[in-house]
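Quick notes on the structure that follows.
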Amino acid sequence: MKKIIISIMFFSFLKADIIKDFLSKNYEKICTYKTIDMYMKDDKALSIIGLSCLKLDKLYMLPYVFNKLKRTKKGRKNGIYFLTIYTQKKLLYSYLFDNLSLDAFSLPETDYILSKVFWAIKLKDYKKEKDKFVIIIDEKRVYVYKKEDKFFVDEYKENKLIKRHWYR
């Protein structure tokens, strides 16, 4: 992800607005169907859109991005990154709700929290507390659990909730 962010700085031919919004952390403005349609033939802009959707945990938007990332080598590589995270989310959902075994699946590990959770659960590197999986990731205590039709990933540091992710 760091490589993607660094390469974003050099996209001089992109509209300044999308770069400005990304650097200003205005991800909500970027991660929209309208923006995807506007930049559907621009792999660099689509990569920024995909990263913005990740920042917002809007993984349901990723297929609209990774299916269009095909015009450049870097775009295809970024498409694989987004597809990997999306696939890990779908597999974790099936694991938590349907007891699908993750043993047969080997996907790359990324720096995104859900990817780290996927690998910890796949490798059984967790403790179970009632109905929650407890995983230590980057000096944080991470709780993974399901509720209704969603699953949650809560990140704690020093017993304080620092980030809650939820996925459907």
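The values are calculated or read from the model by the stated rules, or taken from the named source; none is laboratory data. For clarity, every value in this text was computed on a predicted model and none was experimentally measured. With ideal geometry, Cβ positions are generated from the backbone for all residues, glycine too; neighbour counts draw on all protein chains shown.
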Query raised in the report: Can you find a residue in the stretch 50-65 that is on the phi > 0 side of the Ramachandran plot and not assigned by TED's automatic domain parsing to the domain that holds LYS147?
Result: yes
Requested in this report: Starting from the stretch 97-110, take each residue that is surrounded by 15 or more Cβ atoms within 10 Å (Cβ to Cβ) and list its partners that are in a loop (DSSP other than H, G, I, E, B), counting only C-beta distances under 8 angstrom and pairs at least six apart or across chains.
Outcome: THR110/MET1
Report task. With the condition kept exactly as written, say whether any residue in the stretch 44-60 is surrounded by 20 or more Cβ atoms within 10 Å (Cβ to Cβ) and either farther than 27 Å from ARG164 by Cα or more than 15 Å from the chain's Cα centre (by Cα) (or both). Result -> yes
Query raised in the report: Before we move on, is GLU155 loosely packed, with under 12 Cβ neighbours inside 10 Å, at pLDDT 95 or above, farther than 23 Å from PHE105 by Cα and of a type outside the set (A, V, I, L, M)?
Result: no
Report summary line: Okay, strands (runs of 3 or more DSSP E) sitting entirely in the stretch 59-167 with 1 or more residues that are charged (D, E, K, R), farther than 30 Å from LYS34 by Cα and touching a strand residue (DSSP E or B) at 6+ places or on another chain (Cβ under 8 Å), I get 127-129, 132-137, 140-147, 150-157
Query raised in the report: Yes or no: ILE80 of a type in the set (Val, Ile, Thr) and outside the structural domain of VAL144 (by TED's automatic domain parsing)?
Result: yes
